[in-house]
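See below for the structure under consideration.
Derivation of every value follows stated rules applied to the coordinates shown; laboratory data play no part. Just so we're clear, the structure is a prediction, and the values are computed from it rather than from any experiment. All Cβ positions, glycine included, derive from the backbone under ideal geometry; neighbour counts span all protein chains shown.
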Amino acid sequence: MGAGRLKPNVDYVFHTSAYAKDSGLYETSWSPWARFRVGMSVDLTLPNPNASAQNPDQSAQPYTNTMAPPSPWKTTAGPSRDHSLAPGLFPTRCTTSSDGVKVCGKAEPYNGRNFTLHRGTGSQGKAAAQPSLVGNCDPANPRAGLWTTRFEECSSFTMEWEASLNNAPVGTVKALVVDERKLDPQSGNITERINVTDVDVPATIPAFTLDAPTIDCEPSGNCAVQTIGGWQGAAAWVPGDHHSVTSDASYLWGPTLTGPSSTKPQVMKLGVAVALQGNPKIPGKTVQSTPAVFVDVAGGDLENGGALDQIRCDNTKIVNKVPTIGCVFHNYVATYTFNAAKYPQAASHAWLIQHKLANHPGSQADSKSLYFLPNGDTGALNGTTDKPNCDEYAFNSTYNSGGMPSLAGGLNPVGSGDACVQTLASKQDGAVHLFNIDGLVPTWKEVCGRSAISGSDNSGSMAGFATFNANQRLLDRDPYWLNTNMSAACSDDSTTVKCTMTANNR
């Protein structure tokens with residue numbers, strides 16, 4: 001039988017007879033019939049496509065407290081990027097009065113243990129009644145630590161003012177602060193709500209007050225505070241009183257806020273510090289005022305010291321549109337989600353490469369993000385007009401692509417596409433399978449994948465990416481995750497990948 005005639009997953013039977021070379025005669029007796037099947041090292045059984053499946057809402061990005069992975073291009077050790085719960089991130093400020101009252105103010109991210117919420121009191125009800133500035137943020141039930149989306153923040157901090165008299169401890173006032181910030185992807189406007197949701201004043205300090213917040217935004221020539229409102233509610237407490245107060249603020253980023261205007265494209269990371277000036281009262285002594293401060297960068301290093309909630313603004317051209325101004329929390333990693341029900345071939349191929357290769361491209365579970373390459377091409381047959389198409393994963397619109405040379409920043413360069421895992425979509429017994437190409441058995445040491453799949457699957461699966469990119473304001477080398485939206489039930493076999501795939505959407 002000629003090469004290429006046998007089909008995968010089809011049972012064949014054969015028998016043989018001997019041939020005498022000397023006489024040129026065949027024996028008349030035959031062996032018993034034997035059965036065999038052509039098996040493949042990769043065999044994914046795909047679900048039937050659902051042409052009416054709705055595309056995922058790419059704008060529905062969840063809150064996270066996880067930083068973006070460290071940049072793969074950094075060759076020297078920089079500051080730690082894990083500032084989400086790092087104690088000592090924020091500076092401690094101390095002042096001393098002429099009559100010996102010393103107050104030290106400090107802040108740190110709330111971790112669920114460094115402040116005891118006074119639930120069941122009036123304070124929590126008042127905090128819940130105050131409408132939130134951003135979605136999915138409840139100041140009365142604060143999350144621990146820093147939480148953001150690409151455009152919203154809901155983070156919690158513990159703030160303390162420790163008072164002493166002539167170096168003898170007097171007591172410590174503690175407050176829980178929930179900070180909400182909202183960015184605009186289409187302008188440089190930034191709004192903020194500071195919620196002091198709970199205050200604990202010890203019996204040794206008869207009274208405590210807070211001045212209106214102060215906010216510093218750097219670089220000062222590009223970021224300017226527009227308004228800081230006074231406290232809504234009385235910013236004064238006594239022992240046993242835990243009521244809440246709020247203050248609203250706004251600030252603005254622009255390419256140039258001082259001097260001549262500029263339209264030159266700029267990308268700029270900001271540093272914002274919020275200070276709450278606390279005033280603990282000690283009987284018979286001067287009230288000493290000291291700030292407690294939380295910031296979104298470490299050590300004032302705007303380029304390398306950014307926490308999860310550091311803001312980046314730009315006025316660049318996004319996806320072939322005219323330049324626009326917008327801001328993001330750049331250490332948040334957005335997720336592009338496939339419509340797996342509609343495009344199962346592309347989704348299954350990406351699932352295979354994500355799960356089997358050691359570099360796990362685009363996998364959030366493995367913290368292996370894709371890195372956006374501007375101006376890349378984001379562009380198995382379904383009907384008579386469809387044509388076979390080579391699907392590359394990781395995409396050639398990423399620095400993870402096997403075709404991206406290392407001199408241009410490529411992370412997984414290969415000499416040719418033949419060095420990638422080679423698969424194809426093929427219909428067998430009424431179902432589409434993803435097989436390895438006959439004779440090309442993956443070693444799983446590859447860094448990329450190529451698959452001959454439906455052209456409509458290949459292009460359709462990425463049809464929403466331009467809008468996703470524009471909405472999330474992805475810039476060169478920004479990380480993002482790929483959710484293949486596929487689940488797999490696989491056989492327990494270390495030598496093959498034999499799975500039945502199911503789309504998570506319908």
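Both the radius of gyration and Dmax for the stretch 93-314 are 18.2, 58 Å, in that order, over alpha-carbon atoms. For the stretch 457-467, 3J(HN,Hα) computed residue by residue from phi via the Karplus equation (6.51, -1.76, 1.60; θ = phi - 60°) reads 5, 4, 6, x, 5, 10, 4, x, 6, 4, 5 Hz, glycine and proline entered as x. For the stretch 93-314, the number of Lys pairs with C-alpha atoms closer than 28 Å, counting only pairs eight or more positions apart or on separate chains, is 17. Volume per residue of the convex hull around the Cα atoms, evaluated for the stretch 402-477, comes out as 127 Å³. The 3J(HN,Hα) values that the Karplus relation (6.51, -1.76, 1.60; θ = phi - 60°) gives for the stretch 139-149 are, in residue order, x, 6, 10, x, 6, 7, x, 9, 9, 9, 10 Hz. Gly and Pro appear as x. Applied to the stretch 186-197, the Karplus parametrisation 6.51 cos²θ - 1.76 cosθ + 1.60 on θ = phi - 60° returns per-residue 3J(HN,Hα) values of 10, 6, x, 7, 10, 10, 9, 10, 9, 9, 8, 8 Hz, with x for Gly and Pro. Using the rule -39500 (n - 2.57) for each DSSP H run of four or more residues, divided by the residues of the chain, the 222 nm mean residue ellipticity is -2000 deg cm²/dmol. Where q = 0.26, 0.30 Å⁻¹, what log10 of I(q)/I(0) comes from the Debye formula for the stretch 397-436, counting one point per Cα? Those come out to -0.80, -0.92, one per q. Checking every one of the trypsin sites (Lys or Arg not before Pro) in the stretch 404-500 against DSSP loop status and a limit of 14 other Cβ atoms within 10 Å picks out Lys445. Remark on Thr398: its backbone amide H falls under 5 Å from those of Leu373, a criterion applied only to residues 5 or more positions apart or on other chains, H modelled at 1.01 Å from N. For the pair the stretch 314-349 / the stretch 188-266, the C-alpha centres are spaced 32 Å from each other.
Taking each pair of distinct Cα atoms in the chain once, what is the resulting Kirkwood hydrodynamic radius in Å?
Values: mean 1/r = 0.0375 Å⁻¹.
Evaluated on the chain, it is 26.7 Å.
Note on the chain: dipole from Cβ charges, positive end direction compared against Asn304, Asn458, Ser250; the farthest Cα belongs to Asn458.
Applying a 4.7 Å Cβ-Cβ cutoff to the chain, the cysteines left without a disulfide-compatible partner are Cys390. Taken about its Cα centre, the chain carries a charge dipole of roughly 240 debye when the Cβ of each Lys and Arg holds +1 and the Cβ of each Asp and Glu holds -1.
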